[in-house]
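What follows is a set of notes on a single structure, which appears directly below.
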Amino acid sequence: MSLDWITEFLNELWDFTVQSLTDNVPLIVGSVKAIVIAVAVMSVVPALVWLERRLMGRFQVRLGPNRVGPFGFGQPMADTIKLLFKESIIQSSADKFLFHLAPAVVVFTAIVSFAVIPFGAPFEVFGQTIELWGANVNSGILFVFAISGMGIYGMVLAGLSSNNKYSLMGGLRSSAQMISYELTLGLSALSVIILTGSLSLVDMVTAQETIPFILIQPLAFLLFFIAGVAETNRAPFDLPEAEQELVAGFHTEYTGMKFAMFFMGEYINMVTMSALVTLLFLGGWNTYGIPVWPIVAFAAKVVFLLCVFIWLRSTFPRIRYDRLMTFGWKVLLPLCLLNLLITGTIKVL
C-alpha cells in the first residue's frame, strides 16, 4: 500500500510539473532569452575592447596588445581581474548613494535597451517558433530611444555626486550633447518610419526584404550614424570625457570596477547603435541572396559598423565643444528636416 501511495504521488507531481511548464512556456522562454541576451551582450564587451586596441594598433602603425595570450586575447581578462581587485576610492565630500548609483544606471539602461533588438529571423524547434529577440514591441524603436536616453542620467549623476568641477562639467556636457543629437537621431529615423508605416523594428527589417533602405535614404543613414556616434560619446564627439580639458570628465573620481562600468555601458551602447543602424538601413538579417545564415549576416553588419566606430576614433581628432553644438543644431538638424520633408512629399505623391 505504501509503495502504491508513493507511486501515485510521484505521478501527480509529474503531471503537475508538466502542466505548469506547458502553461508557462512563454514566461520560461522569455526568461531564458533575457538571460542569454544579457550574458551575450556583457560577453561582447571584452572582445570589443580587444578588437578596438588591435585595430587602433594597426591604424596607428603599432602592435597593440600582444603579450598576454596568443594575439593578446588574454589582455581583456587581465584588465578585468586588475579592475576587480583595484581599490575603490570615494572622496569624503561625494554623495555616496548617487556616486554608487550612477554607473549602475549606465550599465542597466545599456543592457535593457537591447531587449527589443531583433537579431535574426524566427525559426521552429519541436513545433515551437523561436523568435530571436527579447520582445517584439510595437513601438520598439521608441523603446530603444527612451531607455538609451535615460542612460544620460547616470553620467549627470556621476558628475553631480562627485563634488568635482571637472566631473560636473562633463555631466553637463553629456546632457547638452544628448539633447542636441537626440533630435537628429529621431528625425532621421522618422524617414524610415514613414517608409515602413510602423514603429516595430521587425516590420522595418521585413520592409527591406528586396532592397535596404540605405539605397533609398542615404542622407538619413549618414545623419543617423553621425548622431549615433555622438550619442555614444565616441570620438570625435567624446567631449564629456575630454582629457585635455576635463581630466576624465564625469568619471574623473571613479576607480576600480565602477570606473570600468562606464566603459562597459559605452561599448554596449556602441553595439546597440550598430544594431539599430543595421536594422533601419542595412536590411537587418536579410542576406539578399548571399548563402549565409540570417543571424550571421546580421552579426557581420554589426561588426563592420563597430570597426567603423573604431576607425573614426583612430582617424579624426576631437573637435571643439562649440563646434560640436554648432554642427548639431545648424548642420545636422536642418538636413534632417529637409530629408524628412522630401521623404514625406514623395510618400504622399
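Structure data summary
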quantity	calculated
Segment 51-109: chymotrypsin sites (Phe, Trp or Tyr not before Pro) in DSSP coil with no more than 15 other Cβ atoms inside 10 Å	Phe73
Zone of Asp203's modelled label, taken as backbone nitrogen in segment 127-157 under 17 Å from a point 7 Å along Cα→Cβ	135-145
Spin-label model distance (nm) - His100 vs Leu215, 7 Å beyond Cα toward Cβ	5.5 nm
Helical segments meeting 18 Å axial Cα length and Kyte-Doolittle -0.5 threshold in the chain (DSSP H)	2-23, 25-59, 96-112, 140-161, 165-196, 218-231, 256-281, 294-315, 333-348
DSSP loop trypsin sites (Lys or Arg not before Pro) with at most 15 other Cβ within 10 Å: longest gap in the chain	87-319
Debye, to nearest 20: dipole size of the chain, +1 on Lys, Arg Cβ, -1 on Asp, Glu Cβ	1740 debye
Per residue, the convex hull volume that the Cα atoms of segment 96-348 enclose (Å³)	135 Å³
For Cys336, Cys307, order by how many other beta-carbon atoms lie within 10 Å, fewest first	Cys307, Cys336
Highest-first arrangement of 202-209, 278-285, where packing means the average Cβ count within 10 Å	278-285, 202-209
Cα→Cβ-extended label distance, 7 Å offset, between Val61 and Ser93, nm	4.6 nm
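No value in this document is a laboratory result; all are computed from the given coordinates. Fair warning: this is a prediction, and the values are worked out from it, not measured in the lab. Counting neighbours? That spans all protein chains shown, and the Cβs are built from the backbone with ideal geometry, glycine included.
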